[in-house]
Amino acid sequence: MLNTFKCELLKTRSSSLLHTTVGMPMLFMILTVMAILSSKSKTGEIDGLSFIQTDIYNLWATALLPIMVVILVSLDQFQGRQAHELQRYYANDWSINKLYLAKLIKFWALILLAQLEVCLVTMLSNLLTTGHVTQIGTLLGVSMLIWLGALPLISVNTFLLHYATPL
């Protein structure tokens, strides 16, 4: 199992999966700058609360995280089909269950990396706009809750892409 997971990480090291995982949260820096430029409050706060944190986490959890999960799993399935990954596992009599478990753990780690990056981008954007970072514990707690909420989404998406025919 450990060797299968190491193999999955090596395949991800310089692939489009890692670039997508790291690049998507950087969109939030652009969204933050656009939100600040279009807002009436140039300090990034309304009634002492940062609207930047709220906007970033609402957009991330409701729209961009599910889209990113679909893109990551689809890219991995496509690359696996092109490399005849399942045929290689069947030919060598390797465990398909270990392969799928290693892939799920890999996706969970990639989503955790992206979620921590979103948390860092949020803290950095608050520091740049308001001059201070508030509620670091709350940010980390919400980040972990969003990550835990994404775990079933990864499993369901992997299952659907494997067993259902795409439209």
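Given a Förster distance of 22 Å, report the FRET efficiency between A164 and Q79 from their Cβ-Cβ distance, rounded to the nearest 0.05.
The formula returns an efficiency of 0.70 here.
At a threshold of 8 angstrom on Cα-Cα distance, excluding pairs fewer than six apart, so keeping six or more, what relative contact order does the range 49-164 reach in percent?
Worked out over the range 49-164, it gives 42 percent.
With only alpha-carbon atoms in the gyration tensor, what are the semi-axes of the equivalent ellipsoid for the range 59-154, in Å, largest first? Don't skip to the answer; put the middle values down first.
Details: eigenvalues 251, 32, 21 Å².
In descending order, the three semi-axes are 35, 13, 10 Å.
What length, rounded to one decimal in nm, is gained on full extension from L10 through to N58, with 0.36 nm per residue of separation minus their alpha-carbon distance?
Length gained between L10 and N58: 14.0 nm.
Which value, in Å² rounded to 10, gives the accessible area of L59 with a 1.4 Å probe and all protein chains present?
In the full protein context, L59 sits at about 80 Å².
So for the pair V133, L86, with labels modelled 7 Å out along Cα→Cβ, what separation do we get in nm?
Modelled inter-label distance: 4.4 nm.
Between I71 and D93, what length in nm is gained on full extension when 0.36 nm per residue of separation is reduced by their alpha carbon distance?
That works out to 5.0 nm of additional length.
Among R81, R88, what's the order by accessible area (1.4 angstrom probe), most exposed first?
R81, R88
Given labels modelled 7 Å from the Cα in the Cβ direction, how far is it in nm from L18 to L116?
Going by the 7 Å Cα→Cβ label model, 1.5 nm.
The values are calculated or read from the model by the stated rules, or taken from the named source; none is laboratory data. The shown structure was predicted, so the numbers you read here are calculated from the model rather than taken from an experiment. So basically every Cβ, Gly included, is an ideal-geometry build from the backbone, and we count neighbours across all protein chains shown. The area values use the complete protein model at the heavy-atom level, side chains included, leaving out ligands, DNA and RNA. Shrake-Rupley method; radii C 1.70, N 1.55, O 1.52, S 1.80 Å.
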